[in-house]
1. Taking the stretch 16-27 only, how many residues are surrounded by fewer than 15 Cβ atoms within 10 Å (Cβ to Cβ) and either in contact with a Lys or Arg (Cβ under 9 Å, 6 or more places away or on another chain) or in a helix (DSSP H, G or I) (or both)?
2. Within the stretch 33-47, restricting attention to residues that are basic (K, R) and open to solvent by less than 100 Å² (accessible area, probe 1.4 Å), which residue is farthest from K57 (Cα to Cα)?
3. Take the conditions open to solvent by 80 Å² or more (accessible area, probe 1.4 Å), touching a helix residue (DSSP H, G or I) at 6+ places or on another chain (Cβ under 8 Å) and of a type outside the set (V, I, T) and apply them to K58. Does it pass?
4. Here is a check on your reading of the model: is R30 open to solvent by 80 Å² or more (accessible area, probe 1.4 Å) and of a type outside the set (F, W, Y)?
Amino acid sequence: MSAKDRVRAKAEQTKGLIKETAGRMTGDRRMEAQGRYERAKGDLRDVMEKTRQTFRKKHK
C-alpha cells in the first residue's frame, strides 16, 4: 500500500462519518448504519497499512 491507499482509507472514513451524521440527523437508521460500516472499513484499511509499514521497517 502506498500514500494513495492511505488517502483512500481516510476518504472512506470521512465519507462514512458524513453518512452516519446525516442518517442520525434525518432519523434514517439505514444510512446511519451504512456510514458506520464505511467508517469501520476505512479504519480497518488504515490499521492494515500501519501494520504493513511496521513489519516492513522491522524486516529491512
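1. First pass over the stretch 16-27, keeping only residues surrounded by fewer than 15 Cβ atoms within 10 Å (Cβ to Cβ): 18, 21-22, 24-27.
Now narrow it down to the ones that are either in contact with a Lys or Arg (Cβ under 9 Å, 6 or more places away or on another chain) or in a helix (DSSP H, G or I) (or both): 18, 21-22, 24-26.
Selection size over the stretch 16-27: 6.
2. Going residue by residue through the stretch 33-47, those that are basic (K, R) are 36, 39, 41, 45.
So of that shortlist, the ones also open to solvent by less than 100 Å² (accessible area, probe 1.4 Å) come out as 39, 41, 45.
On the way: R39: 27, K41: 25, R45: 19 Å.
My answer is R39.
3. Working: open to solvent by 80 Å² or more (accessible area, probe 1.4 Å): yes; touching a helix residue (DSSP H, G or I) at 6+ places or on another chain (Cβ under 8 Å): no; of a type outside the set (V, I, T): yes.
For K58, the condition - open to solvent by 80 Å² or more (accessible area, probe 1.4 Å), touching a helix residue (DSSP H, G or I) at 6+ places or on another chain (Cβ under 8 Å) and of a type outside the set (V, I, T) - is not met.
4. Details: open to solvent by 80 Å² or more (accessible area, probe 1.4 Å): yes; of a type outside the set (F, W, Y): yes.
It is true that R30 is open to solvent by 80 Å² or more (accessible area, probe 1.4 Å) and of a type outside the set (F, W, Y).
The values are calculated or read from the model by the stated rules, or taken from the named source; none is laboratory data. It should be emphasised that the depicted structure is a prediction, and the values quoted were computed from it without experimental measurement. Because the Cβ atoms are built from the backbone with ideal geometry, glycine has one as well, and the counts that use them run over all protein chains shown. All accessible areas refer to the heavy atoms of the entire protein, side chains included, with ligands and DNA or RNA removed. Shrake-Rupley method; radii C 1.70, N 1.55, O 1.52, S 1.80 Å.
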